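Participant: Sharing a structure here in structure tokens format.
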Amino acid sequence: MTGVVLFGGTTEGRQLAQALDSLCAARGLTLTVFVATEYGQEVLPALTHGQVHTGRLAPEVMTGRLAGCQLIIDATHPYAETVSASLRAAAKAAGVPLWRCSRPASALPERCICLPDAPAAAEWLAQQEGRVLLTTGAKELPAFAALPPERLYARVLATHDGIAACEQAGLAHSHILAMQGPFSQALNEAVLRQWNIRWMVTKDGGRNGGFAEKLAAAQSCGVGVLVLTRPEDRGETVEAILARFAAWQPAAPALQPIRI
């Protein structure tokens, strides 16, 4: 059997993994799902036929790991620009077709302050007053380390890596909100009011990321919203990927197996 490789870790990745598990088996294809973290594996649906690889892959390792597959599907986060670029390069080097699954971008209200990246957001906040809720993920936390730590509250996944990133940024444990989203508007409002937040920094996670609920909560609480600009991301929906897969005819089997 030869294979389909899915890079996930998102809601779309979980939806595709669940659907492709049986679809690949019915067509005599293996399915290998790559997720970056143990948490990503934890929230995956149980796979009857597919197998899961957990851990980040260095760009130079990707091409070798993808040898032998017939199709790569990139369902990583819209802001995982580096991973997507590495996948495109690895797919090209391996001569394997690559499909991109992405979620639609949101229409941003005029009241949002759009900034290119986390360092720009930190620089802007340095000129303001008030407490800040960071909801951009653990990887962006170092950019805010120059701000007074007593101003910062970070909402991160309840993982060792997430909490360690907060500690390294100098946040007190009382300022770490270890939670798994997406969150309702009511819960977002409760967080903003409980910690008297003045500014919220976020990414456009789209409908599946609970972005609309963040915006509504911020408006209700009179909190300013800083949105990190979303990278250009052209792709297809989960439904479009599955329809395309149904019509897809694999090329001749590759000689090497997928190595995980």
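Participant: As an exercise: evaluate Ile73 against (1) in contact with a strand residue (DSSP E or B) (Cβ under 8 Å, 6 or more places away or on another chain); (2) open to solvent by 10 Å² or more (accessible area, probe 1.4 Å); (3) modelled with pLDDT of 95 or more and give the number of the one condition it does not meet.
Facilitator: Among (1) in contact with a strand residue (DSSP E or B) (Cβ under 8 Å, 6 or more places away or on another chain); (2) open to solvent by 10 Å² or more (accessible area, probe 1.4 Å); (3) modelled with pLDDT of 95 or more, Ile73 violates only (2).
Participant: Can you tell me which residue in region 105-143 is nearest to the chain's Cα centre (by Cα), limited to those that are surrounded by fewer than 17 Cβ atoms within 10 Å (Cβ to Cβ) and in a helix (DSSP H, G or I)?
Facilitator: Per the stated criteria, the residue is Lys139.
Participant: Would you check which residues across region 198-256 are open to solvent by 40 Å² or more (accessible area, probe 1.4 Å) and of a type in the set (Asp, Glu) and list them?
Facilitator: Correct list: Glu213, Glu232, Asp233, Glu236, Glu239.
Participant: Going through region 165-188 one residue at a time, which ones are of a type outside the set (A, V, I, L, M, F, W, C), out of contact with any Phe, Trp or Tyr (no Cβ under 9 Å at 6 or more places or on another chain) and open to solvent by less than 30 Å² (accessible area, probe 1.4 Å)?
Facilitator: Passing the criteria: Gly181, Asn188.
Participant: Let me ask another. Checking Ser102 against (1) more than 14 Å from the chain's Cα centre (by Cα); (2) buried (at least 17 other Cβ atoms within 10 Å of the Cβ), only one condition comes out false. Which one?
Facilitator: Of the numbered conditions (1) more than 14 Å from the chain's Cα centre (by Cα); (2) buried (at least 17 other Cβ atoms within 10 Å of the Cβ), the odd one out for Ser102 is (1).
Participant: Under 9 Å between Cβ atoms, at least 6 apart or on separate chains: pull out the pairs that start in region 31-57 with a residue that is touching a residue at least 12 places away in the same chain (Cβ under 8 Å) and farther than 13 Å from Gly13 by Cα and end on any residue that is assigned to a loop (DSSP other than H, G, I, E, B) and open to solvent by 50 Å² or more (accessible area, probe 1.4 Å).
Facilitator: Pairs that qualify, where the first residue is touching a residue at least 12 places away in the same chain (Cβ under 8 Å) and farther than 13 Å from Gly13 by Cα and the partner is assigned to a loop (DSSP other than H, G, I, E, B) and open to solvent by 50 Å² or more (accessible area, probe 1.4 Å), are Thr37/Arg56; Thr37/Leu157; Tyr39/Leu157; Tyr39/Ala158; Tyr39/Gln180; Gln51/Ile260; His53/Ile260.
Participant: Of the residues Val52, Val83, Val61, only one is crowded, with 17+ Cβ neighbours inside 10 Å and more than 14 Å from the chain's Cα centre (by Cα); which?
Facilitator: Every option except Val52 fails the conditions.
Participant: State all residues of region 86-100 that are closer than 16 Å to Gly9 by Cβ and out of contact with any strand residue (DSSP E or B) (no Cβ under 6 Å at 6 or more places or on another chain); if no residue qualifies, say none.
Facilitator: The answer is Ser86, and nothing else.
The values are calculated or read from the model by the stated rules, or taken from the named source; none is laboratory data. Since the model is a prediction, treat every value here as computed from it, not as a measurement. Glycine gets a Cβ as well: all are built from the backbone with ideal geometry, and neighbour counts include every protein chain shown. Accessible surface is based on the protein model in full, side chains and every heavy atom, while ligands, DNA and RNA are left aside. Shrake-Rupley method; radii C 1.70, N 1.55, O 1.52, S 1.80 Å.
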